[in-house]
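Here's the structure, in structure tokens; my notes come after.
The values are calculated or read from the model by the stated rules, or taken from the named source; none is laboratory data. Just so we're clear, the structure is a prediction, and the values are computed from it rather than from any experiment. Methodologically, a virtual Cβ is constructed for each residue, glycine included, from the backbone with ideal geometry; neighbour enumeration extends over all protein chains shown. These area figures cover heavy atoms from the full protein model, side chains too; ligands, DNA and RNA do not enter into them. Shrake-Rupley method; radii C 1.70, N 1.55, O 1.52, S 1.80 Å.
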Amino acid sequence: MESMTTDPLPPPPEPDNTARRARQVDFNATPAMWLSHLVKAFGAKVAVNDLSMAVPPGCLFGLVGPNGAGKTTTLSMVTGLLRPDQGVISVLGRNVWTDPAAAKALMGVLPDGIRLFDRLTGREMLMLTAQLRGVPASVATPRADALLEALALTADATTLVADYSAGMTKKIGLACALVHNPSLVILDEPFESVDPVSGEAIRSILHDYVDRGGTVVMSSHVMELVETLCDAVAVIAEGRILALGGIDQVKNGEPLQQRFLELVGVRDVSLGSLSWLGQGVGPVAP
């Protein structure tokens, strides 16, 4: 009996280990978003403390900081959801608080935790948002179809938003922020609750949007995400800017996680009082 021979399998393709190079950003250009001496307090708590920042156009800009640093408060003031106690906010030359209609028309917004019209289906939610933004139905319909497909929501387009998972809700919120093709997109924790496959799709959408001239400002707690996604970053703590610049400039030769910890300070955690944890695991005897 003749032995059977087979051609050797071709070698696997070499992995692409080339890291995406951050776009070069020009902080001397006319800012897409400009904040000057912002202050916001809630009683005795000063959430944003004399914060000034300029976001260059045509970049993915990350805003990072520990819990309670003032990120969401800052973005809420930028988008007109929260009035500052002091300071000036300008979006592409329009003052958010003296010319709100013009400024808001230029922005797409995904706030963290905001309620949607969840008794609408995903498609109805998108079409309503487009209508409110002045996009005619003839333009909104193909845009909605394209966004639903890109975000893997086509099969759930006729499902009520109330029945969406947390990740699906985040994705339909992002679609609503993009459907009117804004010049500036502001995203508060856009990857929270999103699965890795959908996260990669969102990355591609945002990169393509910026490559075509848009600007993205996003907050995140995940340093690895910001390091691989963003072109520039601001580190904020206690309502103040600790570092601001291109991603490589702020990293200063270190991983962003390490640089972040150095900037905000690491609190020593005493584990002595937790010495009971894991010992004799089980219910406490009555």
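Report whether or not LEU242 is within 17 Å of PHE27 (Cα to Cα) and either open to solvent by 10 Å² or more (accessible area, probe 1.4 Å) or among the polar types (S, T, N, Q) (or both).
Judged against the criteria, LEU242 is a match.
One line per residue, one yes/no per condition, for (1) at pLDDT 95 or above; (2) in contact with a Phe, Trp or Tyr (Cβ under 9 Å, 6 or more places away or on another chain); (3) open to solvent by 20 Å² or more (accessible area, probe 1.4 Å):
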{"site": "TYR209", "(1), (2), (3)": "yes, no, yes"}
{"site": "VAL217", "(1), (2), (3)": "yes, yes, no"}
{"site": "HIS221", "(1), (2), (3)": "no, no, yes"}
{"site": "CYS230", "(1), (2), (3)": "yes, yes, no"}
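Can you tell me how many residues in segment 123-155 are farther than 15 Å from ASN181 by Cβ and within 21 Å of the chain's Cα centre (by Cα)?
Residues meeting the conditions: 6.
Scan segment 119-140 and give yes if some residue there is open to solvent by 50 Å² or more (accessible area, probe 1.4 Å), touching a helix residue (DSSP H, G or I) at 6+ places or on another chain (Cβ under 8 Å), outside any helix (DSSP H, G or I) and without any contact (Cβ under 8 Å) to a residue 40 or more places away in the chain, otherwise no.
No: zero hits.
In segment 150-199, how many are open to solvent by 40 Å² or more (accessible area, probe 1.4 Å), at pLDDT 95 or above and closer than 23 Å to LYS71 by Cβ?
Summing the residues that are open to solvent by 40 Å² or more (accessible area, probe 1.4 Å), at pLDDT 95 or above and closer than 23 Å to LYS71 by Cβ in segment 150-199 gives 1.
So LEU116 ticks every box in (1) out of contact with any helix residue (DSSP H, G or I) (no Cβ under 7 Å at 6 or more places or on another chain); (2) open to solvent by less than 80 Å² (accessible area, probe 1.4 Å) but one. Which box is left unticked?
Every condition holds for LEU116 apart from (1).
Filter segment 95-118 for residues that are assigned to a loop (DSSP other than H, G, I, E, B) and farther than 24 Å from ILE172 by Cβ and give the result.
Hits for segment 95-118 are VAL96, TRP97, THR98, ASP99.
Collect the residues in segment 200-238 that are more than 11 Å from the chain's Cα centre (by Cα) and over 25 Å from LEU92 (Cβ atoms), keeping them in residue-number order. Steps first, answer last, please.
Looking only at segment 200-238, we keep the residues that are more than 11 Å from the chain's Cα centre (by Cα), and these are 200-201, 204-205, 207-215, 223-224, 227-228, 231-238.
If the condition is that a residue be more than 11 Å from the chain's Cα centre (by Cα) and over 25 Å from LEU92 (Cβ atoms), then GLU200, ALA201, MET223, GLU224, GLU227, THR228, ALA237, GLU238 are the ones that fit.
Check whether at least one residue in segment 51-74 is over 19 Å from the mean Cα position of the chain (by Cα), in contact (Cβ under 8 Å) with a residue 24 or more places away in the chain and within 21 Å of LEU242 (Cα to Cα), and report yes or no.
yes
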